[in-house]
Amino acid sequence: MSRNSNQTRSRPGNQAPLPPRWADHLLEWLVAPHLLEYVQGDLHEIFSKRVAQVGTTRAQCEYVWAVLQCLTPFFTRRKPSEHPQPSNLYLYMLGNYVKIALRTLSRSKLYAALNVAGLTFGLTCFVLIGLYLFDELTFDQQHDKADRIYRVIEHRKDKTQELTIAAASYLLAEESRKQLPQVENTVRISRVGRANLSSPENPVKFQETIAFADPSLMEIFDFEVVDGETKTALNEPNSIIIVEELAQRLFNSSRVAGRTVLLDIMDAPLKVTAVLKNHPRNSSFDFSSMLSMTATPFGEEAFKDWSSHNYLVFALLKAQAKPEAVAQKMTSLVQTNVKPEAGTSRTYSLQPLTDMHLHSENIVDGARNQNVAAMGQGTLLYLQIFAIVAGFVLLVAAINYMNLTTARATRRAKEIGVRKVNGALRSQLVKQFLVESLLITLIAFLLSVLLVNLMLPAFNAFTGKQLSLGLGTDYRVWLYTCSAVLVTGLLSGSYPALLLSRLKPSVLFKSIPLVSKGNLSLRKGLVVFQFAISVVIMIATMVLYLQIRYVNSKDLGFAKDLLVVVDINSGKARAEAGVIKAELARLPGVKTVSVTSRVPGNGKSFQPLKSSHRVTVRSIKPLI
């Protein structure tokens, strides 16, 4: 600002009017530095004269107008510096910050090790829990059309109960595809039970869950095909698709398209038309084989079926279709063809495919026999708890870094003082401390990645997942993880950076406490919060451990580790059960032998099927 201006503004008791302060700031921002003193001084002199001539208000308006007239290249063009700064100055400064941070850490190895260890532990827990959460939250998203695939849910009410079931009738799926323009395609799946599957070259039989599906299954869902047909795998009668794992058991190879398998409940061989890649763990589908439903497994009566729960139905909607409107039309379609009994009602809704795993608490998994396991479900509440735990663990690690850094403030006082005396700005000191924090966080992150990969085999065995962290991991995992690392580094270094950089050189070179009472209270609060969260997490972990130990050590009335169940799935062998029992009892390692009609907790569900171009299950009642 000009000399004139300073004199006018600084005289005590001077009541002379001044130009608008905001206009002065605008002038200082607009006019080039080498012209500012002359321009501002002249404008202030003119302003003083005009005040005497026309009054303060008009003089201020004229001043603002004069400032705006300075918005021309003559006034705004900056003069080239005599000492130009290199274009990559920021890179030089960043390199300098990193170099200083490395020197600081090398001088304080114990401090650096404690900070790296704390952040490594926090990041390791965060990444492990994050991988689990990501896997759960991305269930069934591996299909390209997942956002347009819906499961049909039936809501049935009568005088005694209300039932919400994931099942529908044969004709609902059939007629919805034909009559509703918003429905692009539908598929029916029926899980009718378990039966023995074998290959002609291998006498070993494998009991598998048997399911039937429409040919449109391969059109709606994107199951990865290893060998064989893709979209037409279930078009032909007596065709079957199997997964890699089953193909290896049957044929010791996954390249088996075109070969045949034998199913005990049918007297005609089945042709393997496709081999699918094993389902990922975050998929609701876990079938090992699927037969073609070119004919319904429930016989001719299915063609009149508007009211059964025999089929799991998925609908692929068109891009602009609204699921609520489609569900209402499905309800109208059924009500038009089936007259409900007095006191009963039946409506339908559509559940997004991606909501099946976490939002099916009150939905019965229908369209399956009693001995077929229901689709696995997750619990959203548990995921929310895990997310909170992961966040708190990382926050505790960040607070630990803050406390350790501020506790060492006196050791860095002279360093900060010397920097300030030599002209270092507060912003530069803040950047220095933040770079140091980010560097420590980066080192901790690299160690945590190594530690996570070492722990993943045990973690996968415990959770039943197939988690991984590497170059092939979903890019979103890396994006979220790197974002968390960046936020952790900035958060950890923010408080120490702002605290230490604001200290004055006069305080730094004297034996004066560097931390005021207010900052001391904040530090105490951070320590208390850190310990409180740590204690809560430890108590919760102990309770969970004790519950798991109780379940694993509970006396069930038998020694489960010494009990072997041999499931005999052959009618001829079952007829000689007494002979088998006697022979097993003769083995030296066998104490006692018992025979039951079925495996405890399971059941049988098939009658033999007759050979026909139309596969038909005669009954789905238990054999015994």
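The values are calculated or read from the model by the stated rules, or taken from the named source; none is laboratory data. If you're wondering where the values come from, they're calculated on a predicted model, not measured in any experiment. With ideal geometry, Cβ positions are generated from the backbone for all residues, glycine too; neighbour counts draw on all protein chains shown. Surface areas here come from the heavy atoms of the whole protein model, side chains and all, with no ligands, DNA or RNA. Shrake-Rupley method; radii C 1.70, N 1.55, O 1.52, S 1.80 Å.
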Checklist entry - Quick one: if the Förster radius is 60 Å, what FRET efficiency do Ile165 and Leu584 give, using the C-beta to C-beta distance and rounding to 0.05? => result 0.90
Next on the checklist: Suppose the chain between Thr463 and Ala407 were pulled fully straight at 0.36 nm per residue; how much longer would it get relative to their current alpha carbon spacing?
Outcome noted: 16.2 nm
Checklist entry - When N is the residue count of the range 162-236, what does its C-alpha Rg come to as a fraction of 2.2 N^0.38 Å? => result 1.42
Checklist entry - If r is the Cβ-Cβ distance from Asn422 to Phe386 and R0 is 60 Å, what FRET efficiency results, to the nearest 0.05? => result 0.75
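How far, in nm, would the chain grow between Gln53 and Phe531 when pulled straight, counting 0.36 nm per residue and subtracting the alpha carbon separation?
In short, 165.0 nm is gained.
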Checklist entry - For the range 294-407, what log10 I(q)/I(0) values come out of the Debye formula at q = 0.17 1/Å, with one point per alpha carbon and no solvent? => result -1.09
Checklist entry - How would you rank 118-125, 391-398, 412-419, highest first, on the average number of other Cβ atoms within 10 Å across their residues? => result 118-125, 391-398, 412-419
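Using DSSP H assignments, which helices in the chain have an axial alpha-carbon span of 24 Å or above and a mean Kyte-Doolittle hydropathy of -1.0 or higher?
Membrane-span-like by this criterion, though nothing is claimed about a membrane: 33-54, 89-107, 109-137, 380-407, 426-463, 475-501, 517-553.
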Checklist entry - Considering every Cα-Cα pair within the range 11-75, what fraction, in whole percent, is farther apart than 18 Å? => result 35 percent
Checklist outcome for this item: For the chain, the dipole about the Cα centre with charges only on Cβ (Lys and Arg +1, Asp and Glu -1), to the nearest 20 debye, works out at 2900 debye
Checklist entry - If eta is 1.567 mPa s and T is 4 °C, what Stokes-Einstein diffusion coefficient results for the range 234-273, Kirkwood Rh from Cα pairs, in µm²/s? => result 124 µm²/s
Checklist entry - Which value, in debye to the nearest 20, gives the size of the charge dipole of the range 398-457 about its Cα centre, when Lys and Arg are +1 and Asp and Glu are -1 at the Cβ? => result 380 debye
Checklist entry - With r defined as the distance between the Cβ atoms of Glu324 and Ser345 and R0 fixed at 25 Å, what FRET efficiency is calculated, to the nearest 0.05? => result 0.90
Checklist entry - To the nearest 500 deg cm²/dmol, what mean residue ellipticity at 222 nm is calculated for the chain from DSSP H runs of n ≥ 4 alone, each contributing -39,500 (n - 2.57), summed and divided by the residues? => result -16000 deg cm²/dmol
Item to check | Rg/Rg_ref, the chain, where Rg_ref = 2.2 N^0.38 Å and atoms are Cα | outcome: 1.49
Checklist entry - In bins 5 Å wide, starting from 0, what share of all Cα pairs of the range 370-428 does each bin hold, as a percent? => result 4, 13, 10, 10, 11, 8, 8, 7, 7, 5, 5, 3, 3, 2, 2, 1, 0
Item to check | Ordering of 131-143, 318-330 by burial proxy (mean other Cβ atoms within 10 Å per residue, highest first) | outcome: 131-143, 318-330
Item to check | Point-to-point label distance, Ala16-Lys178, nm (Cα→Cβ direction, 7 Å offset) | outcome: 9.8 nm
Item to check | Alpha carbon convex hull of the range 205-288, projected area averaged over orientations, nm² | outcome: 5.3 nm²
Next on the checklist: Could you tell me the relative contact order of the range 137-280? Use alpha-carbon pairs under 8 Å, at least six residues apart, and round to a whole percent.
Outcome noted: 19 percent
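Out of all DSSP beta bridges in the chain, what portion is antiparallel? Express it as a percent rounded to 5.
Rounded to the nearest five, the antiparallel share is 80 percent.
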Checklist entry - Under 16 Å from the Cα of Lys277, which lysines turn up, not counting those fewer than eight places away in the same chain? => result Lys231
Checklist entry - How many Å² of accessible area per residue for the chain, probe 1.4 Å? => result 56 Å²
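With the contact rule set at Cα under 8 Å and sequence spacing of 6 or more, what percent relative contact order holds for the range 245-313?
Contact order relative to length: 20 percent.
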Item to check | Tail fraction, Cα-Cα pairs, the range 96-138, threshold 16 Å, whole percent | outcome: 56 percent
Checklist entry - Which of the peptides 559-566, 213-220, 524-531 is most tightly packed, and how do the rest follow, judged by the mean count of other Cβ atoms within 10 Å per residue? => result 213-220, 524-531, 559-566
Checklist outcome for this item: A 1.4 Å probe over the protein heavy atoms gives the chain a carbon and sulfur accessible-area percentage of 59 percent
Checklist entry - Roughly speaking, what is the centre-to-centre gap between the range 238-272 and the range 124-149 when only Cα atoms are used, to the nearest Å? => result 31 Å
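So for the chain, averaging the separation of alpha carbon pairs under 8 Å that are six or more residues apart and normalising by length, what relative contact order in percent results?
18 percent
Divide, for the range 379-492, the radius of gyration over alpha carbons by 2.2 N^0.38 Å, where N is the residue count. All intermediate terms of the calculation are to be shown ahead of the outcome.
On the way: Rg = 18.5 Å, N = 114, 2.2 N^0.38 = 13.3 Å.
Ratio of Cα Rg to 2.2 N^0.38 Å: 1.39.
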Checklist entry - How about Lys504: which aspartates and glutamates have a C-alpha closer than 14 Å to its C-alpha, ignoring those fewer than 8 places off in the same chain? => result Glu415
Next on the checklist: Taking the alpha-carbon distance from Lys322 and a cut-off under 20 Å, which aspartates and glutamates remain once sequence neighbours fewer than 8 residues away in the same chain are dropped?
Outcome noted: Asp144, Asp147, Glu154, Glu174, Glu175, Glu184, Asp355
Item to check | Assigned charges on the beta-carbon of Lys, Arg, Asp, Glu; the range 186-272 dipole about Cα centre (debye) | outcome: 220 debye
Item to check | Directionally averaged shadow of the range 224-352, computed from the convex hull of its alpha-carbon atoms, nm² | outcome: 10.8 nm²
